[in-house]
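The values are calculated or read from the model by the stated rules, or taken from the named source; none is laboratory data. Remember, predicted model here, so these are calculated numbers, not experimental data. Neighbour counts run over all protein chains shown; Cβ positions are idealised from the backbone, glycine included.
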Amino acid sequence: MLLSVALASGGLLLWPTVVGAANSGSLSANEAVQLINRQKAVVIDVSEADEFAAGHIGGAKNIPVGQLEEKLGAAVKNKALPLVLVCATGARAKRAVAIAKKLGYDQAGSLGGGLKTWRDANLPLEKA
């Protein structure tokens with residue numbers, strides 16, 4: 001009985017570490033805003049063109065995730081700048097972070113939850 005209590009409490013202590021590792025590279029809406037305002041982060045929306053036209057973060061550049069490897073270097077020449085990668089739900093943006101890091105953009109992060117998180121934080125969107 002004592003052993004099971006010890007294992008359970010140890011597991012609960014490690015849980016935040018496990019969850020944090022799973023969400024590494026994910027940014028909250030507030031963290032994204034701070035990166036944009038303080039460190040001149042570049043926002044790359046990896047949604048398709050029609051999704052981008054329906055609503056995107058102001059100043060974002062649209063490069064669909066399928067074209068990211070070919071077009072990111074031309075869109076963001078300075079690899080030292082932070083990148084905030086965004087899509088509708090955050091799933092494509094997570095894949096895009098891996099591509100960006102492979103290309104040498106070490107400060108790439110995705111907006112966790114995507115544009116839904118942005119809207120839920122009552123932050124503005126632009127339409128094209």
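With A100, A91 as the choices, which residue is touching a residue at least 12 places away in the same chain (Cβ under 8 Å) and either under 19 Å from L123 (Cα atoms) or out of contact with any strand residue (DSSP E or B) (no Cβ under 6 Å at 6 or more places or on another chain) (or both)?
Of the residues listed, the single one that is touching a residue at least 12 places away in the same chain (Cβ under 8 Å) and either under 19 Å from L123 (Cα atoms) or out of contact with any strand residue (DSSP E or B) (no Cβ under 6 Å at 6 or more places or on another chain) (or both) is A91.
Per-residue answers, yes or no, for (1) assigned to a helix (DSSP H, G or I); (2) modelled with pLDDT of 95 or more; (3) surrounded by 14 or more Cβ atoms within 10 Å (Cβ to Cβ); (4) touching a His at 6+ places or on another chain (Cβ under 7 Å):
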site	(1), (2), (3), (4)
L3	yes, no, no, no
T17	yes, no, no, no
A21	yes, no, no, no
A96	yes, yes, yes, no
T117	yes, no, yes, no
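Find all pairs meeting these conditions: Cβ atoms under 8 angstrom apart; at least six residues apart or on different chains; first residue within the stretch 55-66 and free of Cβ contacts under 8 Å to residues at least 24 places away in the same chain; second residue among the hydroxyl-bearing types (S, T, Y).
The qualifying pairs are N62/S47; P64/S47.
Taking only the stretch 67-93 into account, find how many residues are acidic (D, E) and assigned to a strand (DSSP E or B).
So the answer is 0.
Would you please name the residue that is modelled with the highest pLDDT, looking only at residues in the stretch 23-51 that are farther than 17 Å from I63 by Cβ and touching a helix residue (DSSP H, G or I) at 6+ places or on another chain (Cβ under 6 Å)?
A29
Filter the stretch 73-94 down to the residues that are over 15 Å from the mean Cα position of the chain (by Cα) and surrounded by 15 or more Cβ atoms within 10 Å (Cβ to Cβ) and list them by number.
Residues satisfying the conditions are V76, K79.
Pull up the stretch 26-66, narrow it to residues that are among the acidic types (D, E) and either surrounded by fewer than 14 Cβ atoms within 10 Å (Cβ to Cβ) or outside any strand (DSSP E or B) (or both), then point me to the one that is nearest to the chain's Cα centre (by Cα).
So the residue we want is E31.
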